[in-house]
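Before I ask anything, here is the structure I am working with.
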Amino acid sequence: MALRRSRSGTKRLAALLTAAVLVLAGCDSEGSSSSADGRLRLTVAALPLTDSAALYLARDRGLFAKEGLEVRIQQVQQSIQALPALLKGQVGVIASANYVTYFQAYEKGTLDLRILAEGVRIAPHMMDVLVPRDSSLRSPADLAGKKIAVAVLNNIQSLTLNAILDAEGAGRPAYRQILFPQMGPALERGQVDAVHAVEPFSTAIQGELGARVLLDGGSGPARGLPASGYVTTRAFVQQHPKAAEGFRRAIEAASRLAAEHPDLVRAELPKYSKVTAAQAGKLHLPAYPVAADPARLRRLTRLMRDQGMLEKAIDPAPLLVK
């Protein structure tokens, strides 16, 4: 049965935004300001995921500096935690922003969304459904009604997993919201039957707990879908058009590096995420697109509408910064 939007779903989003305000209440930095040498100082909120690799590569390899930007990265554990700060101008851009949440915010009128660049597209095993080694769950069909951890309810994880299970004729699980860093302990304590973990957390959980992969979250209808991007507001783009274009060019150049030289991503990951160099060498990386693709984004929004995560069709093309 397709998910339907409900008052409870609206209340969940409102509760998440309220919690996010509290999380970022101490953030008094400006999202953008000018430095003495004329560079635009830009604060970017980002998750410590493989999704953010191009952001760090662009900073560390001088690609932002080349565009006249001085980028400060502020880590968060959920991209939605940074939404109130984006709306207040405390951060200028959110990286590794899960599209599902931000298209929903756009539809509700909470956010006048603009997409500066694509982050990653889903590739095999960039996210996996993991179970304990001795779990009785052996096939996707066994997941029906079972408790599965996702980082945010009704986001890209449940959207794609539902699509995979629907394609296989399997029943859907019951989702539980648990942040990525807490998924391993929750699985170990038996609080959930499985976790839907993205890299680098998937590899870490497998290595530390001996968890096994029950289902490849990057397979079937999920493969190739845009998962996350670099988002901002229309007001930011209007205020800083050259900076917005420069940011896009820097990210796309870094994404090209990431796509052509995955060893650069593996070397960068231990600098900003809690993985060792040895673990980074084993990670399953996502696809790093060098340019946004409106057709793929439309495929994502159609899937969201089919599952009741959007009430009407959204054309992402006008939201892309060119």
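May I ask you to compute the full-extension gain from Q182 to D263, defined as 0.36 nm times their residue separation minus their alpha-carbon distance, rounded to one decimal in nm?
Between Q182 and D263, full extension yields 26.4 nm more.
For the range 55-77 and the range 222-257, compute the distance between their C-alpha centroids and round to whole Å.
That distance is 12 Å.
Give the whole-number value, in cubic angstrom per residue, of the convex hull volume spanned by the C-alpha atoms of the range 127-222.
77
Using only the alpha-carbon atoms, what does the chain span along each of its principal axes? Please give whole angstrom values in decreasing order.
For the chain, the Cα extents along the three principal axes come out at 61, 45, 38 Å.
What are the residues whose amide H is under 5 Å from the amide H of G217, where those residues sit 5 or more places off or on another chain and H is modelled from the backbone?
H125, M127, D128, V129
Build a GNM of the chain with springs between Cα atoms under 10 Å: which of R302, R61, R256 gets the top mean-square fluctuation?
Checking each option, the largest mean-square fluctuation is seen for R61.
Quick one: order V275, V91, V290, V120 by neighbouring beta-carbon count within 10 Å, fewest to most.
Numbers: V275 22, V91 30, V290 17, V120 26.
Least to most surrounded, the residues fall as V290, V275, V120, V91.
Along the range 159-174, what does the Karplus equation 6.51 cos²θ - 1.76 cosθ + 1.60 (θ = phi - 60°) give for ³J(HN,Hα), rounded to whole Hz, x for Gly and Pro?
Karplus-based 3J(HN,Hα) across the range 159-174 equals 4, 6, 5, 4, 5, 5, 5, 4, 5, 8, x, 9, x, 8, x, 9 Hz.
Hey, what did the range 77-143 get for relative contact order, percent, Cα under 8 Å, at least 6 apart?
19
Sequence-distant or interchain residues sharing an amide H contact under 5 Å with R212, placed H: which?
Close amide H contacts, sequence-distant or interchain: V131, R133.
Please give the calculated 222 nm ellipticity per residue for the chain, where each DSSP H segment of at least 4 residues contributes -39500 (n - 2.57) and the sum is spread over every residue; nearest 500 deg cm²/dmol? Kindly include the intermediate steps, with their values, before the conclusion.
Details: 13 runs with 129 residues, N = 322.
It lands at -11500 deg cm²/dmol.
With springs only between Cα atoms under 10 Å apart, run a GNM on the chain and tell me which of Q81, Q238, Q90 wobbles the most.
Of the options given, Q238 has the highest mean-square fluctuation.
Relative contact order (percent) for the range 127-222, with alpha-carbon contacts under 8 angstrom and 6 or more residues of separation?
49
Quick one: compute the contact order of the chain, relative version, from alpha carbon pairs under 8 angstrom and 6+ residues apart, as a percent. All intermediate terms of the calculation are to be shown ahead of the outcome.
Numbers: 637 pairs, mean separation 82.1, N = 322.
Relative contact order of the chain: 25 percent.
Rounded to whole Hz and in sequence order, give me ³J(HN,Hα) for the range 216-231 from the Karplus expression 6.51 cos²θ - 1.76 cosθ + 1.60, θ = phi - 60°, writing x for Gly and Pro.
7, x, x, 9, x, x, 7, 4, x, 5, x, 9, 8, x, 9, 10
Right, something else. What percent of all Cα-Cα pairs in the range 165-322 falls in each 10 Å bin, counting up from 0?
Pairs per bin, as whole percents: 9, 28, 34, 25, 5, 0.
Values quoted throughout were computed directly from the atomic coordinates according to the rules given, and no laboratory measurement underlies them. None of these values were measured; they are calculated from a predicted model. Heads up, the Cβs are rebuilt from the backbone with ideal geometry, glycines too, and the neighbour counts pull from every protein chain shown.
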